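Undergrad: Quick one: this structure, given as structure tokens, is what I'll be asking you about.
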Amino acid sequence: MLLPALNSSRLKAASVKCLGNIKQLGFNFSIYEDASNGWAPAAYVGGSGAYRGWSGMLALAGGLARDKGPVDSEIAVATNCSVLRCDSFNAQVVAYTGKVSYRNYAPNHNLPGKFDPSATQATLRNQFYKPARFSQPSKIIRLGECYGWSFGNVLASPTGLHQDYLAFPHRGSTNALHLDGHARGYLYPFLKANMNGIVTNVK
């Protein structure tokens, strides 16, 4: 009887820590946006620069805390900033892919899609946007649990994983950051039934 209780406590602790990571990342987004005239970072910008992804851009703005080592490239940021990782989610990614995922959170690429409805997923990942232009910031998910560069219109199943889908690693729930800076958890059935306006078709 003791082992199931310990395992349940461990999983809950991992979810609480994950939610704390997401709240911290919300603060990091604010630092970036204050320094860039209100613009939010793109999910990923192609090319050969050292800071091509959203997490690297946050680090470049000086707001992303590191645990060890440098943050002078996208790989170094992902490796040395534990705030980018969720323990329980990362364990599932390793079991699924055979590889460690150093970044377990990703932006919602539907946000820049509000301003360019005809754009493809690859194009939307490259676009910056202004959070202040949205009328329902407390409702819209800007960052969620995903081990790809971004997520969009499809959710992973409660027990499944996909690189570009929002995942539910906490026993069928996921943690998310909203445009207004608050963070909360969502159960899979609720989010699946209410994606419109929260993940997709954002206003």
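Undergrad: Pull the list of the chain cysteines that no other Cys approaches to under 4.7 Å, Cβ to Cβ.
TA: Cys81, Cys146
Undergrad: For the chain, set up a GNM with springs between Cα atoms under 10 Å and report which of Gly113, Gly26, Gly62 has the largest fluctuation.
TA: In this elastic network of the chain, the residue with the biggest mean-square fluctuation among Gly113, Gly26, Gly62 is Gly62.
Undergrad: Cut-off under 21 Å on the C-alpha distance; same-chain residues fewer than 8 positions from Lys139 excluded. Which lysines are left, in chain and number order?
TA: The reachable lysines, counting only those whose Cα sits under 21 Å from Lys139, are Lys23, Lys114, Lys130, Lys192, Lys203.
Undergrad: If the range 13-131 were replaced by its equivalent ellipsoid, with semi-axes equal to the square roots of 5 times the Cα gyration tensor eigenvalues, what would those be, largest first, whole Å?
TA: On the way: eigenvalues 107, 60, 44 Å².
Value: 23, 17, 15 Å, ordered largest first.
Undergrad: Hey, got a sec? Which trypsin sites (Lys or Arg not before Pro) in the range 65-114 land in a DSSP loop and have at most 16 other Cβ atoms within 10 Å? All intermediate terms of the calculation are to be shown ahead of the outcome.
TA: On the way: sites: Arg66, Lys68, Arg85, Lys99, Arg103, Lys114; in loops: Arg66, Lys68, Arg85, Lys99, Arg103, Lys114.
Counting only loop positions with at most 16 other Cβ atoms within 10 Å, the trypsin sites (Lys or Arg not before Pro) in the range 65-114 are Arg66, Lys68, Lys99, Lys114.
Undergrad: About the Cα centre of the range 1-129, how large is the charge dipole given +1 on each Lys and Arg Cβ and -1 on each Asp and Glu Cβ? Please answer in debye to the nearest 20. Let's see the in-between values first.
TA: Values: 12 positive and 7 negative charges, 86 e Å.
It comes to approximately 420 debye.
Undergrad: A further question follows. Across the range 75-89, in residue order, what do the Karplus-derived ³J(HN,Hα) couplings come to in whole Hz, using 6.51 cos²θ - 1.76 cosθ + 1.60 with θ = phi - 60° and x for Gly and Pro?
TA: Values per residue, Gly and Pro as x: 5, 5, 4, 4, 6, 9, 10, 5, 5, 8, 10, 10, 4, 6, 5 Hz.
Undergrad: Enumerate the aspartates and glutamates that Lys17 could reach by cross-link, defined here as Cα to Cα under 15 Å, with residues fewer than 8 away along the same chain left out.
TA: Asp87, Glu145
Undergrad: Okay, moving on. Tell me, Kirkwood radius of the chain from alpha-carbon pair distances, in Å?
TA: Result for the chain, one decimal place: 17.0 Å.
Undergrad: Given the C-alpha centroids of the range 117-190 and the range 45-102, what is the distance between them in whole angstrom?
TA: 17
Just so you know, all these numbers are worked out from the coordinates, no wet-lab data involved. No experiment lies behind these values; they were computed from the predicted model shown. Reconstructed Cβ throughout: ideal geometry from the backbone, glycine too, with neighbour counts over all protein chains shown.
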